[in-house]
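J.: Before we start, here is the structure in question, set down as C-alpha cells.
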Amino acid sequence: MSDRKRIPTDGGTGSFGSNPFAGLNLEGLPAGPAVPPPGEATGRRAPNRNRGRVDIIRQKAHRNGKTVTVVTGFVGIGLPEKEQLAKTMQKTCGTGGTVKDGNIEIQGDRREDVAKILTEAGFKPVFAGG
C-alpha cells in the first residue's frame, strides 16, 4: 500500500513515561521564535488605556428624593464588565448599586469615588448634569 513507516502509538515496549515523539526525525526543521524571559519587554505596544468618555450624573428625580449616581455612555463594553465595575464601585463606596438599561447606578452622591474607579479602569469620566 504505502511506503510510509508507521510509528506505534500503543506504548510499545517503552516504559510508562515513554515519549511518543522520540522516534520523529526533527533535523532540518527551522528553530522556533525566540521567547524572552518573563518580565522582559516583548517589543509590543502597551494597550490603549483610553476607553472613551463616560458621563457621571447625579439624579434625584423619580426616586422619592433619594440621590443616585448614574454612570452612562459606555461604548464597546459588555454587560459582564459593567457588572464587575459596578461591584467594584459598590465595594469602594460601601453602598448598593445595580446595572440597569446599560447604565451603572450607585446609591448616594458618590461621583468623586466613581470617577476615580473609572479613571483607573481607563475611562475618561466627565461630570454631567446637576
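J.: Which of the following residues is under 23 Å from E112 (Cα atoms) and either at pLDDT below 85 or not in a loop (DSSP other than H, G, I, E, B) (or both): K82, K66?
T.: Numbers: K66 fails: either at pLDDT below 85 or not in a loop (DSSP other than H, G, I, E, B) (or both).
Criteria check complete, one pass: K82.
J.: Do we have any residue at all in the stretch 101-120 that's within 14 Å of R51 (Cα to Cα), loosely packed, with under 15 Cβ neighbours inside 10 Å, in contact with a strand residue (DSSP E or B) (Cβ under 9 Å, 6 or more places away or on another chain) and among the β-branched types (V, I, T)?
T.: yes
J.: Please go through the stretch 15-34 and give me each residue that is modelled with pLDDT under 80 and surrounded by 10 or more Cβ atoms within 10 Å (Cβ to Cβ), ordered by number.
T.: If the condition is that a residue be modelled with pLDDT under 80 and surrounded by 10 or more Cβ atoms within 10 Å (Cβ to Cβ), then S18, P20 are the ones that fit.
J.: Further question: Quick one: in the stretch 88-111, of everything that is part of a helix (DSSP H, G or I) and hydroxyl-bearing (S, T, Y), which residue is nearest to the chain's Cα centre (by Cα)? Give the steps one after another, and end with the answer.
T.: Of the stretch 88-111, the ones part of a helix (DSSP H, G or I) are 88-93, 111.
Subset that is hydroxyl-bearing (S, T, Y): 88, 92.
Numbers: T88: 14, T92: 19 Å.
The selected residue is T88.
The values are calculated or read from the model by the stated rules, or taken from the named source; none is laboratory data. Just so it is clear, the model here is predicted, and its values are computed rather than measured. Neighbour counts run over all protein chains shown; Cβ positions are idealised from the backbone, glycine included.
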